[in-house]
Amino acid sequence: MTDLFSPAGTGAGADRPPAARRVRGALRRALPALLVYAAVRALGIAVLAVWGHFAGKSPHQLLSARWDSLWYSRIAEDGYGYTLHLPGGKIHSDLAFFPLLPWLERGLSAVFPLSAADAGLVVSALSSLLAAWAVFLIGERLYGRRAGVALVALWAALPVGIVQSMAYSESLFTALAAWSLYAVLTRRWVWAGSFAALAGLTRPVGAAVVLAVWLGVLVALRRGERQELRERRELPRMLLGAVLAPLGWLAYFAWVGVRTGSFTGYLDVQGGWGNGFDGGLAFGSFVAGRLFGSAFAAGLGLLVGVGLVLWLYAACVRQRQPLPLLGYAGAVLLLALTAKGYFGSKPRLMMPAFPLLLPLAVALARTRTVRAVATVGVVVLVSAVYGAFWLHGSGPP
């Protein structure tokens, strides 16, 4: 299979096609998956628009000017420095939001006649397509083209998939994380580290991408390939990728620390929002309070949902996915499930963990086409309706 990142090179690599041709070939292979992705997301937005028409709400505002998107737009327009003091002692500082998305919003709005919010929608739309492309390439490389297409369709049709179309950072982060993972799988270490560094400037969970890169390096070293690595001069690139990977994440943590005058500045900022990590105690208490209270059905649904996610991860382990993918998905789940804060955001926080869907994608790829299309069609319709319902309700803070 053609390696998208491979240089033209010399010797054994001299017969490889030029970079532009490799990119065109990879894009041509991914085109069906990208069309499926675009169709799923277009349906979700269409259902949201119809729902908004009858509810008297603007789909544009729902997608670009609520919750986190407002904070990102403010940072893009005015820079950091806004703090909101709430009753009860909570302090909401914009330092909780990583800078890459507002940087891109500011850059686009400076070049094109776009508001920061609309620039955020453009970034999200382009990023989601790039994410779908990388997700397809990973699925195709591991389990074949049909599995790659199915993986993209399932990721697009997640119950909270509407977030992929919002001016949020999830699509941007998933794109950077997926391309970093693909680079790890194809042993392009500098690319992997560079994408990981950018992911670390996008969301706190960028640490999961760093872990994936480091695990990829460890796996390559443990296979007894040291001599081969030296002969191919791969070891320096591998080490450079490992060093690059955490730089974005560490840089923002350090900057917030200097800005706040505290070594634990970013953690303090998150504490002001009521966020942090307690090993899942707060989430467990939240679920238990509903199971043994008046909201038993909601508590049971949460318990079933967590059980399903853990079952999918166990299926990924049984599937013998590459260790970097298992480490990445496991870290995303761990950070999401053990965090305090608003519990309704947990499905959104787990959305970048697309490797969890690989067992389902492989199962779909092995079924007859008509049955697979019918199954995905039902899931897509349910997702579109649920996304509109969710965004018109409490939505994804």
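How far, in nm, would the chain grow between residue 91 and residue 389 when pulled straight, counting 0.36 nm per residue and subtracting the alpha carbon separation?
Values: separation 298, 0.36 × 298 = 107.28 nm, distance 2.98 nm.
Extra length available between residue 91 and residue 389 comes to 104.3 nm.
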Structure-based [θ]222 nm, the chain - -39500 (n - 2.57) summed over DSSP H runs of at least 4, per residue, nearest 500: -22500 deg cm²/dmol
J(HN,Hα) series, the range 323-338, from Karplus relation 6.51 cos²θ - 1.76 cosθ + 1.60, nearest Hz, glycine and proline x: 4, x, 5, 5, x, 4, 5, x, 5, 4, 5, 4, 5, 6, 7, 9
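Give the calculated FRET efficiency between residue 112 and residue 190 to the nearest 0.05, with a Förster radius of 25 Å applied to their Cβ-Cβ distance.
Working: r = 31 Å, r/R0 = 1.24.
The computed FRET efficiency comes out at 0.20.
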Virtual spin-label span in nm between residue 221 and residue 263, 7 Å along Cα→Cβ: 2.6 nm
Spherically averaged projected area of the chain from its Cα convex hull (nm²): 21.8 nm²
Amide H within-cut-off set for residue 93, under 5 Å, with H built and near neighbours excluded: 84
Net charge dipole size for the chain [Lys, Arg +1 and Asp, Glu -1 on Cβ; Debye, nearest 20]: 1280 debye
Carbon plus sulfur fraction of accessible area for the chain, probe 1.4 Å, in percent: 68 percent
Interchain or long-range residues, amide H under 5 Å from residue 186's placed H: none
Residue 292 versus residue 382: modelled label distance in nm, points set 7 Å from Cα along the beta carbon direction: 3.1 nm
The range 357-397 residues near the modelled residue 84 label - backbone nitrogen below 19 Å, point 7 Å along Cα→Cβ: 391-397
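Which value, in debye to the nearest 20, gives the size of the charge dipole of the range 227-385 about its Cα centre, when Lys and Arg are +1 and Asp and Glu are -1 at the Cβ?
So the magnitude is around 480 debye.
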For the chain, with +1 on Lys and Arg beta carbons and -1 on Asp and Glu, the positive-most of 275, 386, 136 along the dipole: 136
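Using a Förster distance of 30 Å, how high is the FRET efficiency between residue 374 and residue 70, based on the Cβ-Cβ distance and rounded to 0.05? Intermediate values should be presented prior to the final figure.
On the way: r = 40 Å, r/R0 = 1.32.
The computed FRET efficiency comes out at 0.15.
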The range 23-96 and the range 103-141: distance between their alpha carbon centers, rounded to Å: 11 Å
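The values are calculated or read from the model by the stated rules, or taken from the named source; none is laboratory data. Just so we're clear, the structure is a prediction, and the values are computed from it rather than from any experiment. Using ideal geometry, Cβ is built from the backbone for each residue, glycine included, and neighbour counts are taken over all protein chains shown. We work out accessible area using only protein heavy atoms, side chains counted, and drop any ligands, DNA or RNA first. Shrake-Rupley method; radii C 1.70, N 1.55, O 1.52, S 1.80 Å.
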